[in-house]
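The structure appears below as structure tokens.
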Amino acid sequence: MSKRIGILTGGGDCPGLNGVIRAVVLHARNTYGWEVLGIRNGFEGLYEESYFELDPVRVTHALARGGTMLGSSNRANPFAYPIRMPDGRTEVMDVSAKILKNLSKLDLEGLVVVGGDGTMSFSKKFVDKGARIVGVPKTIDNDLEATDYTVGFQTAVEVVVEAVDRLQTTAESHERIAIVEVMGRYAGWIAMTAGLAAGAHVVLIPEIPYDIDRVVEAFHKRHGRGIPHTIVVVAEGATPKGGEHAVAVKGDSTRQDRLGGAGQRLADAIAARPDCADYEVRVTVLGHLQRGGTPCAFDREIATRYGVTAVELISQGKFGHVAALDKGRMVAKPMELAIKKLKLVQPDGELPHAARAVGIELGG
Ligand code: F6P
């Protein structure tokens, strides 16, 4: 019987996941003669024993397709797993032992787990119990310390840049302040990178709590120079000085807080100021548009390199490692680096420096 590896995608989806799956299938099959088992909906598939064979035909044209053909779930925390009881109640249980048992029944050479920090922290716990897992870091947030780049980030940035380009023309026509709220959770990579690329006038990120007076001063200055419109890119995790994150839905033991509302909060703060009475403000929340659709060329390329490297990590027995991009090269890094701490924008680093140098107001 030929050897077999498995692959699952966990957490929020992002563009490029199908490219990773395709590369894993092609390299495993063509180079090592391994079969590949697809596990549905992250760790949920291991709990439910929901699998299907992935062969080269299944992954044809996968590079250009967004989402994940395996499905994903960000509620499938094996250590706090919500289970619907016959009486309709949901009980949260630790199902990790069952998942580990199902995994060992599959007798895989190794399992590729494609995920963000949450999925990697579950994986690490399984590795510590002997599971043969390697990781591929993905998230539009680009906030994993282990790697310079997570699959999906560049496509999200492209979506934001296109949206800001479109908002520029309408904001200009109506002499408005256009606030664009973007994702990124507790990291400001999307807002900062897209803000620079799109030529936003104000960029607010979680790493630099903003002073509303400085933000408003930027509007006044533009008006004073005869430019009556302003584009503000605000990260969903941005906070006013001394303020809290804007939380749309409170988390529980099975999932994190869902952020949302930072843009509207800023609009309300502007509306409440007498010195802003003449400004018309509109808020656009880009939300999941940033995660959907066709991956850009870079995400397809990097997804392929990540998939190839993950298969090689299995062939080398480097379990408990993730494939990582380090100064342009694919390397292996210990999985704990993907979970220990978030990779954040350095407030005095090169990106904020470039932003300030071209006159972007960062609010702090
Ligand atoms: O981590 C990726 C991400 O898109 C974040 O930027 C965002 O805060 C979150 O996921 C949204 O999660 P959900 O898909 O559960 O709404």
For this session: Filter the GluC sites (Glu not before Pro) in segment 33-69 down to the DSSP loop ones having no more than 16 other Cβ atoms within 10 Å, then list what survives.
Result: Glu49
Exercise. For the residues Lys124, Lys138, Lys98, Lys318, what sequence is obtained by ranking on other C-beta atoms within 10 Å, fewest first?
Worked result: Lys98, Lys318, Lys124, Lys138
For this session: Within 10 Å of each residue's Cβ, count the other Cβ atoms and sort Met85, Met192 from fewest upward.
Result: Met85, Met192
Exercise. Arranged from highest to lowest average of other beta-carbon atoms within 10 Å per residue, in what order do the peptides 302-308, 131-137 appear?
Worked result: 131-137, 302-308
For this session: For helix 153-174, report the angle its Cα long axis makes with the longest principal axis of the Cα atoms of the chain; keep it between 0 and 90° and round to the nearest 10°.
Result: 20
For this session: Would you please put 249-261, 153-165, 62-74 in order of how densely packed they are, using the mean number of other Cβ atoms within 10 angstrom per residue and starting with the highest?
Result: 153-165, 62-74, 249-261
For this session: Just tell me which aspartates and glutamates come within less than 17 Å, Cα to Cα, of Lys221; anything on the same chain fewer than 8 places away is out.
Result: Glu172, Glu175, Asp211, Asp213, Asp275, Asp278, Glu280, Glu361
Seminar exercise, completed: Straight-line reach check, Lys327, cutoff 24 Å on alpha carbons, 8 or more apart in-chain or any other chain, hits among lysines -> Lys138, Lys318, Lys340, Lys341, Lys343
Exercise. Angle between the Cα long axis of helix 212-224 and the longest principal axis of the chain, 0 to 90 degrees, nearest 10?
Worked result: 60
Problem set entry | Cα long-axis angle, helix 17-27 against the chain (0 to 90 degrees, to the nearest 10) | 30
Exercise. Among the aspartates and glutamates, which have Cα under 18 Å from the Cα of Lys98 when same-chain residues fewer than 8 positions away are ignored?
Worked result: Glu44, Glu48, Glu49, Asp107, Asp128
Problem set entry | the chain, relative contact order in percent, only Cα pairs under 8 angstrom and at least six apart counted | 23
Exercise. How would you rank Ile212, Ile227, Ile177, going from fewest to most other Cβ atoms within 10 Å of each one's own Cβ?
Worked result: Ile227, Ile212, Ile177
Problem set entry | DSSP-defined antiparallel bridges as percent of all bridges, segment 40-180, nearest 5 | 40
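All of the numbers you see were taken from the coordinates with simple rules; none came from a lab. Just so it is clear, the structure is predicted and the values come from calculations on it, not from any experiment. All Cβ positions, even for glycine, are placed from backbone atoms using ideal geometry, and neighbour counts span all protein chains on display.
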